[in-house]
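Data block below; observations after.
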Amino acid sequence: MVGHGGPIRSLAVSPDGDNLLSGSFDTAVIRWSLKTETAEQVLRYHADGVNAVAFLKDGRTITAGADARIAVWTAGRPQPDQVLEGHVAPIVALAVSPDGSLLASASWDRTVRLWSLSGSASRVLEGHSQNVNGVAFTLDGKSLVSVGYDLTLRIWRLPDGQPEIVTLPAPLNVVAVAPDGEIVTGAVDGTLRMLTPEGKVRGEVAAGPTPVVALTLSADGTLIAAAGIGGTVAIIDRKSRSLLRTLIGPGLPVWSVAFLPDRETLITGGADGKIRRWNVRTGEPVSSILSGRSADPLAAYAGDHGAEVFRACIACHTLSDKEVQRAGPTLAGLYGRKIASLPGYRFSDALKTMDIVWTPETVAKLFEVGPNAYTPGTKMPEQRISSAEDRRALTEFLGRATR
């Protein structure tokens, strides 16, 4: 599934398995239908990358980002119902208590916050001496586990107990709790460590040679999927502590992972902005359920060289304002429009002060020197088109396709 304009930092699957939520460095959140593999809604609120997403039992969703804010959403509404503020640095992980009454957030401000989803004030859990990277509730909801760069795993006994502190050999990036209470954490040394509910280490598995940056368990807790910064995902049998297989993608970092309820399918979010399905039993990618249909948005322009150059842009931009908006603004009516002036799209503040008007010449210049140089402050991924012939083909195509 393609729709984001940057690395996909977070994924969450709805309890019924029908929907997927993805958060990206492009600041957008997309709610997908897993039945049709189409985007149902694009959520825009955060001013920086979205690092964590979650579903609530009542169908609402929660998003949190590098802007230190948490937003609570009702499906179909264009703005959040509620915004939770208090952190002063990026929020990188969320966890919802089993009964759905509490939300926990982990932040690089070195704190964990507990929020009542009924609207009362938050509680701050302090003690980590460096960034807090992961947080998870135990299955009974009576304890909360947090991990951080300070090498510590902390088990907070709720509501008011002091944490039990376990120091491990490497900085910790992620944590999850299995149905039987076992705690699983992933570290920068590429190792998964398993601990008892009391915090005693009772096993470890080498997931790979690079830092583990994402972690998820199957619904029954038998399988662990651990994603590495090197671009592979290790599938591990938790009971036997054995590596079953390694999923090999395009070689780019995998930032997020989530199992579907069938326990057979894994969803991954990559640095290339793409969401992929995998069969965890075979280790093979699952082809699109729509592969028998023509879903190519450029099929009508077959043989057009400019359309082929534009193909790199369709992950973020539509040519028509009738399509569901992707991570970037629609290009419908592009020529003659002032930069950052399209209604309904949240542009970077830096772009709003520029005097650029989009023409074939300014679009060509954008890709000649690159977005970072031509439009500094943009959230658009850096890309250049070195060939003058390709740039001309692209601008001519846009003239035809976006009128």
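Here, each number is a calculation from the coordinates, and none is a lab measurement. Model, not experiment: these values are computed from the prediction. Heads up, the Cβs are rebuilt from the backbone with ideal geometry, glycines too, and the neighbour counts pull from every protein chain shown.
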Rounded, prolate or oblate: which one fits the stretch 50-115, using the alpha carbon gyration tensor with axes a ≥ b ≥ c (rounded when a/c is under 1.5, else prolate when a/b beats b/c, else oblate)?
-> oblate
Add +1 for every Lys or Arg and -1 for every Asp or Glu among the other residues with Cβ under 13 Å from the Cβ of L139, and state the total.
-> -4
Taking amide hydrogens as modeled 1.01 Å from N in the peptide plane, which residues meet the under 5 Å criterion relative to I356, leaving out close sequence neighbours?
-> I339
Proxy exposure order for E85, E164 (fewest C-beta within 10 Å first) is E85, E164
Tell me what the chain gives for mean residue ellipticity at 222 nm when only DSSP H runs of n ≥ 4 count, each as -39,500 (n - 2.57), the sum divided by the residue total, rounded to 500 deg cm²/dmol.
-> -2500 deg cm²/dmol
Computed label-point distance, nm, for sites K200 and S33 using a 7 Å Cα→Cβ extension = 5.2
Those residues of the stretch 172-200 whose amide nitrogen sits under 19 Å from the label point placed on Q162, 7 Å along Cα→Cβ = 198-200
For the chain: lysine pairs with Cα atoms under 27 Å, gap of 8 or more or different chains, count?
-> 19
Under 1.5 on a/c is rounded, so check that first for the stretch 95-166, then, if it is not, pick prolate when a/b is larger than b/c and oblate when it is not; a ≥ b ≥ c are the square roots of the alpha carbon gyration tensor eigenvalues.
-> prolate
Backbone N within the stretch 56-72 under 14 Å of label point (7 Å from A47 Cα along the Cβ vector) | 65-70
Does the stretch 299-401 come out rounded, prolate or oblate, given a ≥ b ≥ c as the square roots of the eigenvalues of its C-alpha gyration tensor, rounded meaning a/c under 1.5 and, failing that, prolate meaning a/b above b/c?
-> oblate
